[in-house]
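The block underneath contains the structure these notes are about, expressed in structure tokens.
The values are calculated or read from the model by the stated rules, or taken from the named source; none is laboratory data. In this text the structure is predicted, and so the values were computed from the model without any measurement. Neighbour counts are summed over all protein chains in view; Cβ atoms, including those assigned to glycine, are modelled from backbone coordinates with ideal geometry. Remember, those area values only see protein heavy atoms, side chains included, never the ligands or the DNA or RNA. Shrake-Rupley method; radii C 1.70, N 1.55, O 1.52, S 1.80 Å.
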Amino acid sequence: MNRYPLWKNLLILGVILAGLLLAWPNLYSQDPSIEITAARGHEISEASPGEIKAALENAKVPLKGIESLEGGKLLARFDTPGEQLRAQEAIERTLSERYRTALTQSADLPGWMRWLGLNQMSLGLDLRGGIHVVIDVDMETALEQAVERYSGDLRTLLREDKIRYLTLTRDGANILIRFEDAATRDAGEKKLKREFRELDIQASEESGAFVLRAGLPETEQQKIKDFALQQNITTLRNRVNALGVAEPSIARQGERRIVVELPGAQDPGRLKEILGATATLEYRLVDTEGSVADAVAGRPPVGSKLYYERNGAPILLKRRVIVTGDQITDASAGFDSQSGSPAVFVNLDGQGARRMRDVTTENVGKPMAVVFIENRTTTKLVDGEPVKTTRKVEEVISVATIREPFGRRFQTTGLDSSAEAHDTALLLRSGALAAPIEIVEERTIGPSLGQDNIDQGLASVMLGMGLVLLFMAVYYRVFGLVANLALVINLVMTVAVLSMLQATLTLPGIAGIVLTIGMAVDANVLIYERIREEIRNGNSPQASIHAGFDKAFSTIVDANVTTLIAAVVLFSFGTGPIKGFAVTLFIGIITSMFTAILGSRALINLIYGGRRLNKLAI
Amino acid sequence: MTQKRTINDFDIDFMRQRKPAAWLSGVVLLVCLLSIVFRGFDFGLDFTGGTVIELGYAQPTELSDVRAVLETQGHGGATIQYFGSRTDILVRLAPQDGVEEDSAKLSDRVFKALSQAAQGQVELRRVEFVGPQVGEELREQGGLAVLFALIGILIYVALRFEWRFAVGAVVATMHDVLFTVGIFSLFQIPFDLTVLAAVLAVIGYSLNDTIVIFDRVRESFRRVRKGTVIGIINSAINETLSRTIVTSGTTLLVLVALYVLGGETINGFALALIIGVLVGTYSTIYIATASVIWLGLSRDDLLPVKKEGAELDPLP
């Protein structure tokens with residue numbers, strides 16, 4: 001007795017071999033690498049790797065290898081982080097107009113592993129370093145803006161149709177329109193209902209007035225919110241892509257939040273500034289005649305307004321806006337073809353271009369300014385309650401002389417550095433966001449802390465594992481060694497499943513692995529204690545083995561299901577790193593049931609099965 | 001056949017001590033509860049909101065030097081402490097009261113000032129910022145998570161066993177949760193998200209333990225035809241005692257490894273689990289099984305053997 005049929009042994013062996021294969025890639029080390037993407041208006045061609053090789057040879061940076069990635073990217077590998085940085089510098093210096101670079105790490109897997117689609121575990125930001133930001137989209141303002149837009153549309157429609165109304169006011173999420181008599185109101189109702197099917201329009205009489213109440217139905221509000229979120233995600237994606245970060249992730253979280261994860265990002269301050277800004281722009285003429293001193297004293301000339309430049313200098317600008325941010329279709333940084341100094345190139349849409357041409361034709365030789373308007377939202381605690389305030393920050397970011405009339409495409413020069421040009425272009429391109437956003441959560445992990453976390457996590461896995469292995473071998477002898485083998489395979493299987501699912505491994509995730517190492521032997525302990533009991537009760541060794549595995553089975557399942565429930569709850573309520581703990585706990589429990597019940601049974605059958613025994617080494 | 005002597009051979013009358021044990025638990029839990037109500041928790045950043053900045057200095061640095069720099073930046077009220085070693089310093093800033101500054105810029109500004117003061121011999125290891133509303137949400141979600149875990153487990157145990165066992169299991173689990181968080185409140189150990197995760201893992205572990213004994217109790221009731229309820233429960237506990245000790249032992253081994261080597265961030269997590277495993281083992285014996293006795297379990301409740309225990313296939 002106690003023999004598994006061949007197919008069962010083979011099945012178990014097959015699963016274990018598959019586990020070993022899936023876990024294998026994790027043995028390869030990570031190369032410091034550079035991800036290369038094409039800059040705006042360029043693309044990665046077949047000649048690109050050669051160009052980059054040449055640039056690196058010129059700079060005397062040894063290249064370990066270069067390969068194409070999915071989505072038109074290149075990956076250049078290096079032996080040391082120092083070479084990686086020098087290489088980035090070299091590429092930026094000579095090829096920055098055509099390529100963008102981002103520092104990253106990449107495992108040097110052999111071709112056959114890639115071909116099989118095998119991959120390493122994906123490490124969380126707390127292990128590899130990086131920035132995790134949660135952004136809240138101000139839905140209240142998004143809705144307000146929508147109601148405001150509708151108010152304008154309703155007003156225009158009524159005017160065009162010559163339906164006279166007394167007042168049109170906003171009342172929360174509703175628009176109230178008062179009419180003089182019932183007839184005009186009914187005419188208005190008919191018209192509005194036909195034109196604005198998405199609105200909920202109701203006629204009533206309130207304190208003697210004839211009123212139409214137009215409201216946004218629930219479904220419409222949802223649509224507006226979804227749109228606001230989507231537009232913000234798109235804008236953030238554009239900004240992040242332009243930043244040159246490898247493997248960025250931008251995802252929606254719930255109804256109104258966006259999670260941005262940027263692994264290995266180097267300069268958190270600048271990143272956050274670019275992510276968190278809600279910017280729009282206005283092009284205005286500079287008032288060269290009015291007195292700046294008078295304006296500073298509080299008496300600006302009629303038709304002009306006082307602004308400040310970034311360096312704090314006051315400047316008078318005409319009140320009339322030439323072009324606003326939403327009329328900008330594209331903006332990019334580059335160099336002026338004549339002077340070679342950094343420049344920003346701007347493209348306008350048709351309407352904006354017409355306005356710009358009219359104004360610049362009349363004002364050649366006069367200065368024009370770009371006002372950068374940022375809505376910064378901050379949450380303050382007032383009497384313990386969070387209160388949101390939005391502050392409008394207006395700054396003149398550039399003043400330039402109109403050299404000649406221009407329209408659709410023009411350039412601004414006179415910027416301090418190419419970095420400034422780059423940032424300005426980025427902000428211009430982002431245009432106006434649909435709704436104000438605010439960073440409500442941020443976690444930045446420096447690269448050295450990430451490495452420390454990995455080292456400490458590994459060390460505790462090793463020590464914990466070592467102690468358990470030692471104890472089991474001493475306490476259960478041969479059976480203990482079987483349990484130990486099962487435990488090691490369990491660890492391999494956990495890593496295999498994590499690699500296969502590409503679930504993110506975090507520091508709490510490693511803690512989960514350590515915990516499951518301690519708990520995984522429980523199944524073996526339950527079985528072995530049963531076997532000992534059976535032997536004490538005078539049963540034969542073979543019968544004891546059989547009964548031990550048999551009787552312990554339902555206990556093991558029952559006991560593990562409760563832990564699984566806890567893991568599932570953790571997963572659904574947890575965020576970020578905690579989810580990582582839930583995932584490894586869940587996977588560890590499932591794999592431990594396989595290895596402890598089936599795996600160790602198969603092994604014990606191989607050792608003891610089908611022969612006469614006098615005693616067991618347990 | 002010579003069988004080596006093991007700890008299987010216990011015969012301890014656990015249930016005789018169930019009353020003193022109940023008193024002990026009652027008093028300890030009362031202290032925990034009072035502490036939670038009056039002292040509260042030293043909630044971590046995740047729950048209070050605010051900003052934490054972890055700095056790695058090249059040389060051991062005095063906290064007072066860091067404080068002096070922070071004072072010039074208008075953050076005299078910041079909490080400053082060593083984090084693991086004397087080169088690693090943790091600065092915690094409370095949620096801003098009426099200051100109009102971007103959280104993102106705040107941490108940058110503070111770090112720049114500190115970096116200047118240390119002539120660049122300092123590295124920004126970690127920044128965490130949690131907005132006030134997020135902190136509130138995380139607190140709520142944490143409470144809900146514990147509640148849902150308990151409900152889910154209650155349902156499972158009630159389905160697999162009998163309602164008395166389910167109640168016993170949940171009473172014991174709540175005992176463990178209350179005790180664990182009570183210790184964190186009593187000694188004002190920082191309570192953050194990872195500790196909450198540990199508390200949920202304690203729920204899982206404590207139940208795991210309880211169910212193993214319940215399983216044996218159920219089996220004994222069916223197998224042993226004579227003997228009192230208390231006698232059978234006692235022998236079930238004794239029979240599983242070696243397993244209880246071995247499993248708790250191996251789990252504690254790895255947790256101690258985690259506590260010692262896992263680093264500061266994971267310390268609270270490991271500590272919560274160590275407390276939870278210890279108290280979970282105790283409560284399984286003295287609280288879970290004792291509750292079942294108090295709830296009036298009799299042999300008849302378990303005997304109707306209409307295919308119970310056959311819900312799961314035996315080992316294939």
- Task: Could you figure out which of (1) at the interface with chain A (Cβ under 8 Å from one of its Cβ atoms); (2) open to solvent by less than 30 Å² (accessible area, probe 1.4 Å); (3) within 19 Å of A:ASP558 (Cα to Cα) isn't true of B:SER220?
- Result: (1)
- If you go through region A:574-618, how many residues are open to solvent by 30 Å² or more (accessible area, probe 1.4 Å), in a helix (DSSP H, G or I) and basic (Lys, Arg)? 1
- Being at the interface with chain A (Cβ under 9 Å from one of its Cβ atoms), touching a helix residue (DSSP H, G or I) at 6+ places or on another chain (Cβ under 8 Å) and either surrounded by fewer than 24 Cβ atoms within 10 Å (Cβ to Cβ) or at pLDDT below 85 (or both) narrows it down to one of B:VAL229, B:VAL260, so name that one. B:VAL260
- Note on the structure: A:ASN537 passes all but one of the listed conditions (1) crowded, with 24+ Cβ neighbours inside 10 Å; (2) modelled with pLDDT under 90; (3) under 24 Å from A:LYS615 (Cβ atoms); the exception is number (1)
- Query: When you go through A:ARG98, A:ARG77 one by one, which is the residue that is basic (Lys, Arg), outside the structural domain of A:LEU505 (by the TED database) and modelled with pLDDT under 85?
  - Reply: A:ARG98
- Test B:GLY49 against the stated conditions and say whether it is out of contact with any strand residue (DSSP E or B) (no Cβ under 7 Å at 6 or more places or on another chain), surrounded by 12 or more Cβ atoms within 10 Å (Cβ to Cβ), facing chain A (nearest Cβ under 10 Å) and modelled with pLDDT of 80 or more. no
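One line per residue, one yes/no per condition, for (1) over 29 Å from B:ILE245 (Cα atoms); (2) modelled with pLDDT under 90; (3) open to solvent by 20 Å² or more (accessible area, probe 1.4 Å):
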position	(1), (2), (3)
A:MET472	no, no, no
A:TYR476	no, no, no
A:LEU487	no, no, no
A:VAL495	no, no, yes
A:SER499	yes, no, no
A:LEU507	no, yes, no
- Message: Yes or no: region B:127-146 includes at least one residue that is over 30 Å from A:GLU441 (Cβ atoms) and either more than 8 Å from every other protein chain (Cβ to nearest Cβ) or buried (at least 22 other Cβ atoms within 10 Å of the Cβ) (or both).
- Response: no
- Starting from region B:112-139, take each residue that is without any contact (Cβ under 8 Å) to a residue 40 or more places away in the chain and not assigned by TED's automatic domain parsing to the domain that holds B:GLN59 and list its partners that are open to solvent by less than 20 Å² (accessible area, probe 1.4 Å) and of a type in the set (Phe, Trp, Tyr), counting only C-beta distances under 7 angstrom and pairs at least six apart or across chains. none
- Taking region A:94-115, which residues are open to solvent by 90 Å² or more (accessible area, probe 1.4 Å) and either more than 15 Å from A:ALA38 (Cα to Cα) or within 26 Å of the chain's Cα centre (by Cα) (or both)? A:GLN105, A:TRP112, A:ARG114, A:TRP115
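Residues checked against (1) open to solvent by 50 Å² or more (accessible area, probe 1.4 Å); (2) among the hydroxyl-bearing types (Ser, Thr, Tyr):
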{"position": "A:ARG3", "(1), (2)": "yes, no"}
{"position": "A:GLY14", "(1), (2)": "no, no"}
{"position": "A:LEU22", "(1), (2)": "no, no"}
{"position": "A:PRO25", "(1), (2)": "no, no"}
{"position": "A:PRO32", "(1), (2)": "no, no"}
{"position": "A:ILE36", "(1), (2)": "no, no"}
{"position": "A:GLY50", "(1), (2)": "no, no"}
{"position": "A:SER68", "(1), (2)": "yes, yes"}
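Conditions tested, residue by residue: (1) farther than 29 Å from B:PHE38 by Cα; (2) at the interface with chain A (Cβ under 8 Å from one of its Cβ atoms); (3) open to solvent by 10 Å² or more (accessible area, probe 1.4 Å).
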| residue | (1), (2), (3) |
| --- | --- |
| B:PRO190 | no, no, yes |
| B:VAL195 | no, no, no |
| B:VAL212 | yes, yes, no |
| B:SER235 | yes, no, yes |
| B:ARG243 | yes, yes, no |
| B:THR265 | no, yes, yes |
| B:LEU278 | no, no, yes |
| B:ALA290 | yes, no, no |
- Query: Identify, please: which residue in region A:459-470 is closer than 30 Å to A:ILE131 by Cα and free of Cβ contacts under 8 Å to residues at least 12 places away in the same chain and is, among those, least open to solvent (accessible area, probe 1.4 Å)?
  - Reply: A:ALA459
- Sort through A:ASP558, A:ASP550 and tell me the only one that's among the acidic types (Asp, Glu), open to solvent by 10 Å² or more (accessible area, probe 1.4 Å) and facing chain B (nearest Cβ under 9 Å). A:ASP550
- Pairs, first open to solvent by 40 Å² or more (accessible area, probe 1.4 Å) in region A:346-371, second among the small types (Gly, Ala, Ser), C-beta under 6 Å, six or more apart: A:ARG357/A:GLY407
- Message: I'd like to check which strands (runs of 3 or more DSSP E) are fully inside region A:284-346 and have at least 2 residues that are hydrophobic (A, V, I, L, M, F, W, C) and under 41 Å from the mean Cα position of the chain (by Cα).
- Response: A:314-324, A:328-335
- Query: Is there any pair linking a residue in region A:309-329 that is modelled with pLDDT of 85 or more to one that is in a strand (DSSP E or B) and among the polar types (S, T, N, Q), with Cβ under 6 Å and at least six apart or on different chains, and which?
  - Reply: A:LEU316/A:SER304; A:LYS318/A:SER304
- Task: Could you check, for region A:514-526, whether at least one of its residues is in contact with a Gly (Cβ under 8 Å, 6 or more places away or on another chain), open to solvent by less than 20 Å² (accessible area, probe 1.4 Å) and not hydrophobic (A, V, I, L, M, F, W, C)?
- Result: yes
